[in-house]
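Okay, structure first, notes after.
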Amino acid sequence: MVGQMPFSRRIILDNDVVSRLYVADALEKVALLFPPGCLCITEQVLEEARRWPAKGARLANLLEDLERKGHLSRVSVDDSSEEVWAYAELTMKGQLGQGESASIAIACSRGFDIATDDALARQACMSLNPDVTVFGTGALLNRLVADGSLTRAEADAFQARIRRARGH
């Protein structure tokens, strides 16, 4: 059941958050807790997910299934706006991947929020547009707990699975 909307704007999920939620077996559950149209990914994030050795095909299928069911939407960089310039500048610096760059460019241009655990992406986003809220995976889960959509035990279990998958 979808709880009250714990976030005020659309949220772009970056590949690191997508992959962490996926390894914790939480991606689908978390996506189902948000109203339709709230969560989105970029084309580039989907392509990065596809390239994940051993897990990419299943992850891409899950993302596409969530999109078909209306729980996730796919957004693209608008080539006719300033997004394309921000995207190009971010990718040309060579510090961020295409997924992070597209996610940041769109979030900053359209007033979306972004979920990323990448420190460089967080910094780039905040310097481009300080009005964009940047959530990490933990903050995303904690907001769902605060909203009552997810129990503390569920969030802690997801976090433990993420840590185990990362070898920590």
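The values are calculated or read from the model by the stated rules, or taken from the named source; none is laboratory data. None of these values were measured; they are calculated from a predicted model. Heavy atoms of the whole protein, side chains included, go into the accessibility calculation; ligands, DNA and RNA do not. Shrake-Rupley method; radii C 1.70, N 1.55, O 1.52, S 1.80 Å.
Quick notes
- Principal-axis tilt of helix 98-110 within the chain, Cα atoms, nearest 10 degrees: 80
- Of all accessible heavy-atom area on segment 40-92, the percent that carbon and sulfur account for (1.4 Å): 53
- Helix-only [θ]222 nm of the chain, DSSP H runs n ≥ 4, -39500 (n - 2.57) each, per residue, nearest 500: -17000 deg cm²/dmol
- In whole angstrom, segment 12-109 maps to an equivalent ellipsoid with semi-axes of 23, 16, 10, each derived as √(5λ) from the alpha carbon gyration tensor and ordered largest first.
- Convex hull volume per residue in cubic angstrom - Cα atoms of the chain: 110
- Portion, in percent, of the accessible area of segment 98-168 that falls on carbon or sulfur, probe 1.4 Å: 49
- Nearest 10 degrees, 0 to 90: helix 152-166 Cα axis against the chain principal axis: 60
- Accessible area per residue for segment 1-149, computed on protein heavy atoms with a 1.4 Å probe, is 46 Å².
- Proximal aspartates and glutamates to LYS55, defined as alpha-carbon separation beneath 18 angstrom and excluding residues fewer than eight positions away on the same chain: ASP14, ASP16, ASP25, GLU28, GLU43, GLU47, GLU64, ASP65
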